[in-house]
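K.L.:
Got a structure for you, written out below as structure tokens; questions coming shortly.
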Amino acid sequence: MASDKVKDVSDADFESIISSDTPCLVDFWAPWCGPCKAIGPVVEALADEYDGKVSIVKMNVDDNPATPGKFGIRAIPTLILFKSGEKVDQVTGAVGKAQLIELIEKAL
Amino acid sequence: MANTHHNLIILGGGPAGLTAGLYAARARMDHLLIEKGAEGGQILLTDWIDNYPGFPDGISGFELAEKILAQAKRFDLNSMFANVTSIELSETVKRLELDNGDSLSCDCLIICTGARPRPLGVPGEKELTGKGVSYCATCDAPFYRNMHVAVVGGGNTAIQEAAHLTKFADKVTVIHRRDELRATKILQEKAFANPKIDFIWNTTVTEIIGTDGVEKLQLLNRDQTTSELSVDGIFVLIGVLPNNDMLPLDVLKADEGGFIPTDQETRTVVPGVMAAGDIRSKEVRQVINAAGEGATAVLAAEQYLTNLS
């Protein structure tokens, strides 16, 4: 589910991305996770709809173990919403678009 | 939006829907397959499928989904991603409302919306989902390296995924409400022989306890004794619930569990509406059945459409 809109972030650039002025939704995923693939098109569509208002990025938990560990992530897909570097809320599992919109709106 | 009416709409892109799509595309029918997430459905939750014919070494759920999709695409499968919120069924026309406000219609509808893992429904479960409570061992097993996890359930999924979890976890405790497993013999034999798996029989989980993550489970034995079990995670694999939110259940005469009854040819009580795969009211929910029913449903649809014209 590669998309130009949904940029990959790593442990190294994570802090700088979430502490930007624009709220940020991070999709924690891995290649072996079916539900992560299932939620991909929804996340991409939201990245389009919220372009400029919320930056939507994804992090591969296989390649980047530090950040998922820091946030106690034990299941994927997990999507965490950040505002000014602080965690606002999170959802886990292949939830629907409505539930993700509800999450994103908490930062707007 | 392009064409909003089709002869045939297939709702759902799991093994039943994809197989229906393959048959419909190959038969050059005017068709559309609607999927809400990714093609594959529940098989994406499965680590390994050992009993789908044609794959002597087994195949991952993920790869099987990709292969069926590729096969359907070879015949120009027409598909879209959309979320159907409600369906209106009449003998002549079937109308589907989408969450973006659009609507689609068809002469013939094949319902392949499938099922999803059933939750335990105990205190702490919702709060700790994603923080130690999981419904997908394939997805989340790697987070439990060298830890102790519980698996709730005694069916094929529970026992197969318990074995998968031992690749990462140090110890896997299967908690089952009966005194024997329902899982197929070969899976049982493997589980009993696995030194990392132990069993707690005749027991249910009554509460999941933890603050930032799962810490322990409250257990209730059939003899009414209670106990606690310290674990780092719990995998709930106790069967499925139907994905039927968008379906007119009264019209389709859904069974007590919310599944859709059909005849042998997958025809529901509404003319021109078929149901295939896990959403069907039935005993056996296997990938091979779902695929077979998807094919049956298209043949029934073809017959229905021929009689219409």
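The values are calculated or read from the model by the stated rules, or taken from the named source; none is laboratory data. Owing to the predicted nature of the structure, the values given are computational and were not obtained by experimental measurement. Cβ placement follows ideal geometry from the backbone for every residue including glycine, while neighbour counts extend to all protein chains displayed.
K.L.:
Determine which member of the set B:40, B:17, B:21, B:58 is assigned by TED's automatic domain parsing to the domain that holds residue B:274 and out of contact with any helix residue (DSSP H, G or I) (no Cβ under 7 Å at 6 or more places or on another chain).
P.N.:
Working: B:40 fails: out of contact with any helix residue (DSSP H, G or I) (no Cβ under 7 Å at 6 or more places or on another chain); B:17 fails: out of contact with any helix residue (DSSP H, G or I) (no Cβ under 7 Å at 6 or more places or on another chain); B:21 fails: out of contact with any helix residue (DSSP H, G or I) (no Cβ under 7 Å at 6 or more places or on another chain).
Matching residue, one of B:40, B:17, B:21, B:58: B:58.
K.L.:
Is it true that residue B:54 is under 27 Å from residue A:101 (Cβ atoms) and in a loop (DSSP other than H, G, I, E, B)? Break it down into steps so the answer makes sense when it comes.
P.N.:
Values: under 27 Å from residue A:101 (Cβ atoms): no; in a loop (DSSP other than H, G, I, E, B): yes.
Criteria not met by residue B:54.
K.L.:
If residue B:75 meets every condition in (1) modelled with pLDDT of 95 or more; (2) under 30 Å from residue B:140 (Cα atoms) apart from one, which number is that one?
P.N.:
Unmet condition: (2).
K.L.:
Considering the range B:109-141 alone, what residues qualify as being assigned to a helix (DSSP H, G or I) and among the charged types (D, E, K, R)?
P.N.:
Initial filter on the range B:109-141 (assigned to a helix (DSSP H, G or I)): B:137-141.
Within the range B:109-141, B:140 is the sole residue that qualifies.
K.L.:
Same structure again: Could you figure out which of (1) at pLDDT below 95; (2) surrounded by 13 or more Cβ atoms within 10 Å (Cβ to Cβ) isn't true of residue A:27?
P.N.:
Failing condition for residue A:27: (1).
K.L.:
Looking at the range B:269-282, can you tell me whether even one residue there is modelled with pLDDT under 95 and within 14 Å of chain A (Cβ to nearest Cβ)?
P.N.:
no
K.L.:
List pairs: first residue in the range B:93-108 and farther than 14 Å from residue B:36 by Cβ, second residue aromatic (Phe, Trp, Tyr) anywhere in the structure, Cβ distance under 6 angstrom, at least six positions apart or on different chains.
P.N.:
Sorted first by the residue in the range B:93-108, then by its partner, the pairs are B:108/B:304.
K.L.:
Considering only the range B:29-37, I want to know if a residue exists there that is under 22 Å from the mean Cα position of the chain (by Cα) and part of a loop (DSSP other than H, G, I, E, B).
P.N.:
Filtering the range B:29-37 down to residues under 22 Å from the mean Cα position of the chain (by Cα) leaves B:32-37.
When the remaining residues are screened for being part of a loop (DSSP other than H, G, I, E, B), the result is B:36-37.
The answer is yes, given that some residue of the range B:29-37 is under 22 Å from the mean Cα position of the chain (by Cα) and part of a loop (DSSP other than H, G, I, E, B).
K.L.:
Which one is surrounded by the most Cβ atoms within 10 Å (Cβ to Cβ), of the residues in the range A:79-100 that are part of a helix (DSSP H, G or I) and more than 10 Å from chain B (Cβ to nearest Cβ)? Lay out the reasoning, then the answer.
P.N.:
At the first step, the residues of the range A:79-100 found to be part of a helix (DSSP H, G or I) are A:97-100.
Within this subset, residues satisfying the condition of being more than 10 Å from chain B (Cβ to nearest Cβ) are A:99-100.
Numbers: A:99: 13, A:100: 21.
Out of the qualifying residues, it is A:100.
K.L.:
Filter the range B:177-216 down to the residues that are under 27 Å from residue B:129 (Cβ atoms) and basic (Lys, Arg), then identify the one that is nearest to the chain's Cα centre (by Cα).
P.N.:
If we take residues in the range B:177-216 being under 27 Å from residue B:129 (Cβ atoms) and basic (Lys, Arg), then B:182 is nearest to the chain's Cα centre (by Cα).
K.L.:
Could I ask something else about it? Name every residue in the range B:98-134 that is within 14 Å of chain A (Cβ to nearest Cβ) and touching a Ser or Thr at 6+ places or on another chain (Cβ under 6 Å), in order of residue number.
P.N.:
B:99, B:129, B:130
K.L.:
Just checking, how many residues over the range B:214-258 are part of a loop (DSSP other than H, G, I, E, B) and within 16 Å of residue B:87 (Cβ to Cβ)? Step through it out loud before you land on a result.
P.N.:
Restricting attention to the range B:214-258, the residues satisfying the condition of being part of a loop (DSSP other than H, G, I, E, B) are B:214-215, B:222-225, B:231-232, B:237-239, B:243-258.
Still in the running and within 16 Å of residue B:87 (Cβ to Cβ): B:243-254, B:258.
So the count comes out to 13.
K.L.:
Taking the range A:2-58, which residues are away from every other protein chain (no Cβ under 14 Å), among the hydrophobic types (A, V, I, L, M, F, W, C) and in a loop (DSSP other than H, G, I, E, B)?
P.N.:
Of everything in the range A:2-58, those that are away from every other protein chain (no Cβ under 14 Å), among the hydrophobic types (A, V, I, L, M, F, W, C) and in a loop (DSSP other than H, G, I, E, B) turn out to be A:6, A:9, A:12, A:54.
K.L.:
With the structure loaded, tell me whether residue B:150 is under 20 Å from residue B:44 (Cα atoms) and not in a loop (DSSP other than H, G, I, E, B) or whether it fails that test. First the steps, then the outcome.
P.N.:
On the way: under 20 Å from residue B:44 (Cα atoms): no; not in a loop (DSSP other than H, G, I, E, B): yes.
Considered against the rule, which asks whether it is under 20 Å from residue B:44 (Cα atoms) and not in a loop (DSSP other than H, G, I, E, B), residue B:150 comes out as no.
K.L.:
Can residue B:63 be described as within 14 Å of another protein chain (Cβ to nearest Cβ) and closer than 19 Å to residue B:295 by Cβ?
P.N.:
For residue B:63, the condition - within 14 Å of another protein chain (Cβ to nearest Cβ) and closer than 19 Å to residue B:295 by Cβ - is not met.
K.L.:
Which residues, taken from the range B:135-162, are more than 9 Å from chain A (Cβ to nearest Cβ), surrounded by fewer than 21 Cβ atoms within 10 Å (Cβ to Cβ) and without any contact (Cβ under 8 Å) to a residue 60 or more places away in the chain? Break it down stepwise before answering.
P.N.:
At the first step, the residues of the range B:135-162 found to be more than 9 Å from chain A (Cβ to nearest Cβ) are B:137, B:141, B:145-162.
Among the residues that remain, those that are also surrounded by fewer than 21 Cβ atoms within 10 Å (Cβ to Cβ) are: B:145-148, B:155-156.
Answer for the range B:135-162, where residues must be more than 9 Å from chain A (Cβ to nearest Cβ), surrounded by fewer than 21 Cβ atoms within 10 Å (Cβ to Cβ) and without any contact (Cβ under 8 Å) to a residue 60 or more places away in the chain: B:145, B:146, B:156.
K.L.:
If you go through the range B:24-44, how many residues are away from chain A (no Cβ under 14 Å), in contact (Cβ under 8 Å) with a residue 60 or more places away in the chain and either touching a Pro at 6+ places or on another chain (Cβ under 8 Å) or surrounded by fewer than 24 Cβ atoms within 10 Å (Cβ to Cβ) (or both)?
P.N.:
Residues meeting the conditions: 2.
K.L.:
Check off (1) in a loop (DSSP other than H, G, I, E, B); (2) within 14 Å of another protein chain (Cβ to nearest Cβ); (3) out of contact with any Pro (no Cβ under 9 Å at 6 or more places or on another chain); (4) among the β-branched types (Val, Ile, Thr) for residue A:76 and give me the number that stays unchecked.
P.N.:
(3)
K.L.:
Any chance the range B:136-144 includes a residue that's modelled with pLDDT under 90 and of a type in the set (Ser, Thr, Tyr)?
P.N.:
Scanning the range B:136-144, I find at least one residue that is modelled with pLDDT under 90 and of a type in the set (Ser, Thr, Tyr), so the answer is yes.
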